[in-house]
Amino acid sequence: MSAPGAPRAPVPDADAAPAERAARAVLHTLRAAGFRAYFAGGCVRDWLRGVHPTDFDVATDASAEAVQELFPRTVPVGAQFGVVLVLAEGHPVEVASFRADAEYRDGRRPVSVRPATPEEDARRRDFTINGMFRDPESGAVLDFVGGQADLAAQVIRAIGDPAARFQEDRLRMLRAVRLAAHLGYAIEPATMAAIRAHAAEITDIAWERIGEEIVRILTEADAPRGFALLDESGLLQHVLPEIAALKGVEQSPDFHPEGDVFIHTLLVLAQLRQPSETLALGALLHDVAKPACAERRGERVTFYGHPEVGAPRAVAVCQRLRRSRPVWERVEYLVRSHLRLVHAPQMRRSTLRRFLAEDGIDELLELARADALASHGDLSAYQFCLDARAGLGDEPIKPPPLVRGRDLLALGYPRGPLYTQILHAVEEKQLEGELATPEDALAWVKAAYPLT
């Protein structure tokens, strides 16, 4: 329980966000029916940190069956474990019954659960800062696990025996890293020691779960710190051995004064601004083939061909992490193309315009910016592409074609490979500014490809 004089979480006012109002409505209904019910977990942690939560969980002594009877719209996402999703005011609210868990046999779920007290429920949760409850009416905090003290100390501490918590659910090892990186907290020594001792067991769980945590570290947390902690904890070599292999790979100081490829990769991640999943993974993996392509030539270290070699390797990593096909296709493009911007100033106008029209070019430009700032700092190629796009004004980067296949057919050209050749040639001249109207284009076709 809260100690005398301990700070209480603020009671939100009537201007609370819709998701919070929905959770409050659920709590009111449960309490009106005679059940105990509290805010639980991360939302309590965030309130105590002075941060407005975006996700709200409810813990109660009502059974899953009772919850389903009380609310007209529910989804039994884990009813056997006492977890029901209540759809309230258009928002999903997770409602979990206070429970104590039996043994875990699969590193993810208990074989059975039983009803329990709030204190027992708190002690089976993952980390102290996530193990608190809050009274929705008074704002009083129920803290049975020392979560408030650890919030004040800014540490991530497993509840009880860390090894036991990680044996119950091995994903908690990755969650500890994500929380530490997201909040800027330290991982308490005994908790970190347990992660190191059990790091090799992380791959016992489904790769979908690992992939989700990696993406959240990349997009929701301080990604460089997250990956430094993954490395320090021993998890990195098991979940992403390709990234661990970047450590110690020397780079030429004239282009890369920052250090080895691993350091460079972390610096690239640090330059990203609210990245999408695809941009973050592209940045993480853009130099994944440098260890394989490294070659010393006198005083220089070269990595010729690493974008082309790295693209399929990046795809393999994304597939292992169970990312979707659109994700790994975009990541493949980013890794394969991440050095193409340096050639933009020498491109023909038509080639440049086609390049700037590629699907994914915005993320490629952002990756190139981050890559340059994390190494030599030369943004000239990046700026050239921005200026080229701006110079087009309202003109479409890839305008509608002046000539189509049906036009060639109308002129009497027989169907076949020649169509592709002619249409490509017309597009090139259109992008170069040499042809501007369909009439000009058809006249040029007749002259350049006379019918016999």
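What follows draws every value from the coordinates through simple rules; no lab data is involved. These figures come from a predicted structure and were not determined experimentally. Ideal geometry is used to build each Cβ from the backbone, glycine not excepted, and the neighbour counts take in all protein chains shown.
Phi angles across segment 360-372 convert, under the Karplus curve 6.51 cos²θ - 1.76 cosθ + 1.60 with θ = phi - 60°, into 3J(HN,Hα) values of x, 5, 4, 6, 5, 4, 5, 5, 5, 4, 5, 4, 5 Hz, Gly and Pro given as x. Rounded to the nearest Hz, the phi-derived 3J(HN,Hα) couplings of segment 281-295 under the Karplus curve 6.51 cos²θ - 1.76 cosθ + 1.60 (θ = phi - 60°) are 5, x, 5, 4, 9, 5, 10, 4, 9, 4, x, 6, 9, 5, 8, where x marks glycine and proline.
Using a Förster radius of 30 Å, what is the FRET efficiency between THR54 and SER252 based on their Cβ-Cβ separation? Nearest 0.05, please. Walk me through the intermediate numbers first.
Working: r = 45 Å, r/R0 = 1.49.
E between THR54 and SER252, to the nearest 0.05, is 0.10.
The longest stretch of the chain left intact once loop-based trypsin sites (Lys or Arg not before Pro) with at most 16 other Cβ atoms within 10 Å are removed from consideration, loops following DSSP, is 109-246.
Loop only by DSSP, 15 or fewer other Cβ within 10 Å of the Cβ. Give me the chymotrypsin sites (Phe, Trp or Tyr not before Pro) in segment 287-349 that pass, ordered by residue number.
Values: sites: PHE303, TYR304, TRP328, TYR333; in loops: PHE303, TYR304.
Answer in residue order: TYR304.
Counting other beta carbons within 10 Å of each residue's own, what order do ILE129, ILE205, ILE210, ILE195 fall into, fewest first?
Numbers: ILE129 30, ILE205 17, ILE210 22, ILE195 27.
So the residues, fewest neighbours to most, are ILE205, ILE210, ILE195, ILE129.
What is the sum of charges, Lys and Arg at +1 and Asp and Glu at -1, for the other residues whose Cβ falls under 14 Å from the Cβ of PRO115? Numbers along the way, then the final one.
Details: positive: ARG36, ARG99, ARG114, ARG124; negative: ASP61, GLU65, ASP101, GLU119, GLU120, ASP121.
Around PRO115, the charge tally is -2.
Report summary: the helix-based calculation at 222 nm, which adds -39500 (n - 2.57) for every DSSP H run with n ≥ 4 and divides by the residues of the chain, gives -14500 deg cm²/dmol.
Along its first, second and third principal axes, ordered by size, the chain spans 92, 59, 39 Å in Cα coordinates. Look at the dipole of segment 250-390 built from charges on Cβ: of LEU339, PHE255, ALA270, the Cα furthest out on the positive end belongs to LEU339. Phi-derived couplings, Karplus 6.51 cos²θ - 1.76 cosθ + 1.60 at θ = phi - 60°, listed residue by residue for segment 376-382: 7, x, 7, 9, 5, 5, 4 Hz, with x used for Gly and Pro.
Sparse packing (at most 16 other Cβ atoms within 10 Å of the Cβ) combined with a DSSP loop state is found for the following GluC sites (Glu not before Pro) in segment 31-103: GLU89, GLU103.
Fewest first, what order do TRP207, TRP47 take by the number of other Cβ atoms within 10 Å?
Working: TRP207 15, TRP47 21.
In increasing order of surrounding Cβ atoms, one gets TRP207, TRP47.
Tell me the GluC sites (Glu not before Pro) within segment 270-330 that lie in a loop according to DSSP and have at most 16 other beta-carbon atoms within 10 Å. It would help to have the intermediate numbers written out before the result.
Details: sites: GLU277, GLU295, GLU299, GLU308, GLU329; in loops: GLU299.
Passing sites in segment 270-330 are GLU299.
Given R0 = 60 Å, the distance between the Cβ atoms of GLU137 and ASP387 translates into a calculated FRET efficiency of 0.50.
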